[in-house]
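Rule-based calculations on the coordinates, nothing more; no lab input. Owing to the predicted nature of the structure, the values given are computational and were not obtained by experimental measurement. All Cβ positions, glycine included, derive from the backbone under ideal geometry; neighbour counts span all protein chains shown.
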Amino acid sequence: MSSIAYDLKKIKAFIFDMDGVISGTVVPMAPDGEAQRTLNIKDGYAMQYAVKQGFTIAIISGGLSQAMKERAAYLGIQHCFMRVPNKLECLKQLMEETGLRKEEIIYVGDDIPDREIMAFVGLPVAPNDAVPEIKAVAKYISHKNGGFGVVRDVIEQTLKAQGKWANGQGWGW
């Protein structure tokens with residue numbers, strides 16, 4: 001049974017911010033100044049599984065990470081947008097290309113740049129450690145922090161509600 005008060009059977013897409021959602025809020029820096037993001041393996045597994053189940057997954061970030069682009073491609077994620085100045089406009093373009101409607105979309109964000117896009121989608125979600133302004137917009141606040149299972153939490157609950165979790169299809173990489 002889901003702890004999310006939304007009709008999860010409507011959901012066809014998961015859109016994620018990168019920093020503070022897919023990766024944690026603390027980012028080690030390499031000597032050359034490049035951010036070294038950490039990723040949760042169980043989040044990654046859930047993302048690739050959702051792709052195999054026919055869901056659209058996208059990453060929309062104001063940040064930039066070549067490693068994240070490569071990880072997204074490895075997981076089967078076809079939509080990875082970096083250095084996005086206006087996340088809502090990016091989402092609207094994606095919706096036009098895919099035919100998605102806002103009530104079919106979960107967006108997970110954690111900080112001020114996510115506020116506008118979260119107010120637009122059907123199901124705005126915040127990690128437990130999101131800023132108060134984002135928690136105020138969220139319809140669901142996960143018990144998991146960004147980078148530590150929030151992605152898996154929303155994907156697993158959604159797929160379970162749709163009868164697509166642990167159904168024996170696509171469990172391998």
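Remarks
- Exposure proxy shown here: for ARG101, ARG83, ARG152, the number of other Cβ atoms within 10 Å sets the order, fewest to most, as ARG83, ARG101, ARG152.
- Taken about its Cα centre, the chain carries a charge dipole of about 600 debye when Lys and Arg each add +1 at the Cβ and Asp and Glu each add -1 at the Cβ.
- Under 12 Å, Cβ to Cβ, from VAL150 - net charge with Lys/Arg +1 and Asp/Glu -1: -3
- The range 121-167 shape via C-alpha gyration tensor axes, a/c threshold 1.5: oblate
- Under 21 Å of direct C-alpha separation, and excluding same-chain neighbours fewer than eight residues apart, LYS87 reaches these lysines: LYS12, LYS69, LYS102, LYS135, LYS139.
- Computed Rg/Rh of the range 84-173, alpha carbon atoms with Kirkwood Rh: 1.00
- Once backbone amide H atoms are built at 1.01 Å from N, GLY122 has GLU103, GLU104, ILE105 as its partners under 5 Å, excluding neighbours fewer than 5 places away on the same chain.
- Helical mean residue ellipticity (222 nm; -39500 (n - 2.57) per DSSP H run of 4+; nearest 500) of the chain: -9500 deg cm²/dmol
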